[in-house]
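The values are calculated or read from the model by the stated rules, or taken from the named source; none is laboratory data. Remember, it's a predicted structure, so these values are computed and weren't measured experimentally. Cβ placement follows ideal geometry from the backbone for every residue including glycine, while neighbour counts extend to all protein chains displayed. Just so you know, the surface numbers come from the protein's heavy atoms only, side chains and all, with ligands and any DNA or RNA stripped out. Shrake-Rupley method; radii C 1.70, N 1.55, O 1.52, S 1.80 Å.
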Amino acid sequence: MPQESPKRLYSAKDAVMLTVLSIILNNAADNIAELTDENENWNTALVTALNAQVDKDFEDILGIDPKKDQREATAFIKSIQAEAIPLLSTFSLRLGVAVKDAARRTELLTQLGFAAFAKKAQTRDQIALIELLARFKKYMTADVKAEITASKDIKATVVDTLVGFADTLQHKNISQETYKVKSKEVTAEGVIALNNTYSAVVSNFSKLVLDFYTKKKSPKKALFSFTGIVKTVQASAKPTTEPQTKTKE
């Protein structure tokens, strides 16, 4: 009788799980000085070792080049951050002049994503920036654009540029290329290895970092939330007709 397949410790697809772990570790690297100051074990050596483990699983278990497209996408997002964040700040500031009614102005800032994501985006949180620009694009209808630009305090080109950033990020999101690759069929031993990697990154590291930032009431906590990043990655990925990765007995 064949041995029962081990259960995954995570509910996301294998490629999504590893992609999210990669995002978390990139976020850790960006904040490594602060993390090491809090806990000497949260250091560059740990993040480097965990990244190598994630890369190995991508290659050996899923048969995917783990970093080529992700590095390109991450670099691209960072380049957009440099342009988008100041422009978003200018937009929200000038909205105070362009829309005189305070209640309407608050409504617009909420609809366009500023209320929920602007503060996090200002901390270079890539996920928050993607969410903010996506919301901005969704609710920037022709009527809203006309209302906002009527006073001439906000140029139509500024609105168009921000919508353009949203369009571009939708196609260059760090998760996109992973979904275009057909993964290898995963063996039972592969599932065990993936579970071990998930535990090493999430259970033994990012959950502790998440707790640290949560108790500090820092917006950086979102950078280490596995479930939160999974939702964003899944929502931003293009629809796929490929089946869920199956476990081979």
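Number of residues in segment 204-232 that are part of a helix (DSSP H, G or I), open to solvent by less than 50 Å² (accessible area, probe 1.4 Å) and among the polar types (S, T, N, Q) equals 2. Test GLU177 against the stated conditions and say whether it is under 29 Å from the mean Cα position of the chain (by Cα), modelled with pLDDT under 80, exposed (fewer than 15 other Cβ atoms within 10 Å of the Cβ) and closer than 30 Å to ASP60 by Cβ. Here the answer is no, as GLU177 does not meet what is asked.
Selection within segment 21-62: residues that are touching a Ser or Thr at 6+ places or on another chain (Cβ under 6 Å) and under 22 Å from VAL186 (Cα atoms). The member of this set that is modelled with the highest pLDDT is GLN53. Pairs are defined by a Cβ separation below 9 Å, a sequence spacing of at least 6 or placement on different chains, a first member in segment 219-237 that is closer than 15 Å to SER11 by Cβ and at pLDDT 85 or above, and a second member that is small (Gly, Ala, Ser) and in a helix (DSSP H, G or I); the pairs so defined are SER225/SER206; PHE226/SER206; GLY228/ALA222; ILE229/ALA222.
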